[in-house]
Amino acid sequence: MIDYDDFFSRVAHTTQGSAIRKMGVMALKAPDMISFAPGYPDPAMFAWQDFRQIAHEVLTGTDPSVLQYGPTRGYRPLLESVCAILRARGIETPVDNLLITTGSQQGLDLVARALFDPGDVALVELPAYTGAIAAFRNTQVTLLGVRQEADGIDLGDLEEVVTRTRASGRRVRCLYVVPNFQNPTGLLIGLPKRRHLLQAAARLDLLIIEDDPYGALYFEDAATAEDTRPIKADDAEGRVIYLSSFSKTLAPGFRVAWMVAPTPIVEKLDLGKQVSDLMTPSLDQHIVFEAIRRGVFERQVPVLRRFYQNKRTVMQQALRTELGDLIRWPEPRGGFFLWVTLPEAVDADEMVPRAVEQRVIYVAGSAFFVNGRGQHMLRLSFSLPPEARIVEGVKRLAQVIKHEIARG
Ligand SMILES: Cc1ncc(COP(=O)(O)O)c(C=O)c1O
């Protein structure tokens, strides 16, 4: 028998599977499992008919570039469409500062490889998106956390963490934030705070990695487009690397996302992408471009806002009915997630097997913390299950939680 452990790199030895993916696998295996674990969009909302038509037309047309290698930066007409989407969000950028990526996940990986050296420090929110944590850790950067308040990142804590870290002789490179309906908390960074954050980044000489997959999906009963204005929109100095994606609005299976970065950075990202996959698949880019050109994207987004707002309301009502004030959560004003604080007596990690027995799963909060905290928290995603399953899943979860409280 070959001992493959001897062959693995140091990085491969330390990489760990995502808690969310493991939960997803569990959900698939068990019959009648209700999963609040992965942040998947609801496939019932994909524009199937439009995509069928578009795919048929692009594959029966005369343009060979549909199945050919293309530029690493992306399919030019798609890049131009993305520029127009960005303009509507307040970001003016030349096409040359854009890069189409194979999902924003690739964008996070490329940024990490372009900016971090082993032993450097990068800052993330407490809690933060697990995919970013994993991509960053892959470069052997040390991740330190910055606390959040009701209106997002705590700027006092940011200042303190940076000062303390630099005083100990370490290089702090950048801060990763998800300002719109953060994964996992659902929090929105307030507008004044976004400006202050830019000022703090300038003062502390940090780059900001702004990840924005959910901004378009604000709930009209609680937020407006203006509330989601990207930090990048006011970035006169070039401190912000902005990422966004079509995964939550069109479909994640296309793996089409994009990033905007200052010229010297986008050039490095381009080289990194050449090494990684040469380019994002041509067929996917053509289909997404056509979906934008034919108005599918513009038509879908407002429908999705109402659709997910409704699911959020269903989940909140079910939680209130079943658990009253035993648990707390900040009301999400957009996005896919509800971030629950449990009573002190309940440990979300330990509760997982009991929840699985009752055929309901979630992601335990500790997966999102780089400082080992989050034991009494969990993330519920309301985006995927149909409404009736949300209600039934919350009933099952409530039983489990009440049982945990009774066990003391
Ligand atoms: C905050 C955040 N960033 C990035 C991603 C990855 O998105 P993509 O499908 O574009 O790779 C996700 C997916 O859930 C996410 O929640």
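The values are calculated or read from the model by the stated rules, or taken from the named source; none is laboratory data. Since the structure is predicted, the reported quantities are computational estimates derived from the model, not experimental observations. We place every Cβ from the backbone using ideal geometry, glycine too, and count neighbours over all the protein chains shown. In case anyone asks, the SASA skips ligands and DNA or RNA and just uses the protein heavy atoms, side chains included. Shrake-Rupley method; radii C 1.70, N 1.55, O 1.52, S 1.80 Å.
So with the 1.4 Å probe, I'd like the accessible area per residue for the stretch 249-408, rounded to whole Å². Let's see the in-between values first.
Details: 6620 Å² over 160 residues.
On a per-residue basis, 41 Å².
Considering the options 369, 308, 319, tell which one lies farthest towards the positive end of the dipole of the stretch 272-394, charges being +1 on Lys and Arg and -1 on Asp and Glu at the Cβ, about the Cα centre.
Result: 308.
For the stretch 66-131, which chymotrypsin sites (Phe, Trp or Tyr not before Pro) are in a loop by DSSP, counting at most 10 other Cβ atoms within 10 Å? Intermediate values should be presented prior to the final figure.
Details: sites: 69, 75, 116, 129; in loops: 69, 75, 116, 129.
Filter output for the stretch 66-131: 69.
Can you give me the span-like helices of the chain, meaning DSSP H runs with 15 Å or more of Cα extent along the axis and Kyte-Doolittle mean at or above 0.0?
Details: long enough: 19-29 (16 Å, 0.65); 48-60 (18 Å, -0.48); 76-88 (19 Å, 0.87); 103-115 (19 Å, 0.20); 155-167 (18 Å, -0.27); 191-204 (20 Å, -0.36); 263-276 (19 Å, -0.09); 282-293 (16 Å, 0.22); 296-323 (39 Å, -0.63); 387-407 (30 Å, -0.17).
Span-like helices in the chain: 19-29, 76-88, 103-115, 282-293.
Given only helices, namely DSSP H runs of n ≥ 4 each adding -39500 (n - 2.57), what is the per-residue ellipticity at 222 nm of the chain, to the nearest 500 deg cm²/dmol? Present the calculation step by step, with values, prior to reporting the outcome.
Values: 13 runs with 175 residues, N = 408.
For the chain, the value works out to -13500 deg cm²/dmol.
Can you tell me how the chain classifies by the Cα gyration tensor, rounded, prolate or oblate, using a/c under 1.5 as the rounded cut? Mind dumping the intermediate values first?
Details: a/c = 1.43, a/b = 1.17, b/c = 1.22.
Verdict is rounded for the chain.
Could you pull the accessible area for residue 65 with a 1.4 Å probe, rounded to 10 Å²?
Residue 65 has an accessible surface of roughly 40 Å² with all protein chains in place.
Using a Cα-Cα cut-off of under 29 Å, which lysines could be cross-linked to residue 248, ignoring same-chain neighbours fewer than 8 residues away?
Here the lysines satisfying the reach criterion relative to residue 248 are 22, 29, 193, 232, 268, 273, 311, 395.
Nearest 5 percent is fine: what portion of the DSSP beta bridges confined to the stretch 194-286 is antiparallel? If you can, show how the numbers build up before the last one.
Values: 4 of 8 bridges.
Percent antiparallel among DSSP bridges in the stretch 194-286 is about 50.
Could you size up the charge dipole of the stretch 205-251 around its Cα centre, putting +1 on the beta carbon of Lys and Arg and -1 on that of Asp and Glu, and report it in debye to the nearest 20? Walk me through the numbers on the way to the answer.
Numbers: 4 positive and 11 negative charges, 44 e Å.
Once rounded to the nearest 20, the dipole reads 220 debye.
Could you work out which residue, out of 198, 323, 126, moves most in a Gaussian network model of the chain, that is, has the largest mean-square fluctuation with Cα springs under 10 Å?
The residue that fluctuates most here is 323.
With a/c under 1.5 counting as rounded, go ahead and sort the stretch 31-100 into rounded, prolate or oblate using the C-alpha gyration tensor (a ≥ b ≥ c being the square roots of the eigenvalues; past the cut-off, prolate if a/b is larger than b/c, else oblate).
Oblate is the answer for the stretch 31-100, as a/c is 1.5 or above yet b/c matches or exceeds a/b.
Cα gyration tensor of the stretch 75-143, axes a ≥ b ≥ c as square roots of the eigenvalues: rounded (a/c below 1.5), prolate (a/b > b/c) or oblate? Walk me through the numbers on the way to the answer.
Working: a/c = 2.61, a/b = 2.14, b/c = 1.22.
Note, shape of the stretch 75-143 comes out prolate.
For the chain, with all protein chains present and a 1.4 Å probe, just round the carbon and sulfur fraction of the accessible area to a whole percent. Kindly include the intermediate steps, with their values, before the conclusion.
Details: 9640 of 18030 Å².
The C+S portion of the solvent-accessible surface of the chain is 54 percent.
What does the charge dipole of the stretch 142-238 about its Cα centre add up to, to the nearest 20 debye, if the Cβ of each Lys and Arg holds +1 and the Cβ of each Asp and Glu holds -1? Provide the component values of the computation, followed by the final result.
Details: 12 positive and 17 negative charges, 130 e Å.
Dipole size: approximately 620 debye.
Based on Cβ point charges of +1 for Lys and Arg and -1 for Asp and Glu, what charge dipole magnitude is obtained for the stretch 61-132 about its Cα centre, in debye rounded to the nearest 20? Please report the intermediate quantities before stating the final value.
Numbers: 5 positive and 8 negative charges, 42 e Å.
For the stretch 61-132, the charge dipole is close to 200 debye.
Looking only at the chain, where both bridge partners belong to it, what percent of the DSSP beta bridges are antiparallel (to the nearest 5)?
On the way: 20 of 38 bridges.
Taking every DSSP beta bridge with both residues in the chain, the antiparallel ones total about 55 percent.
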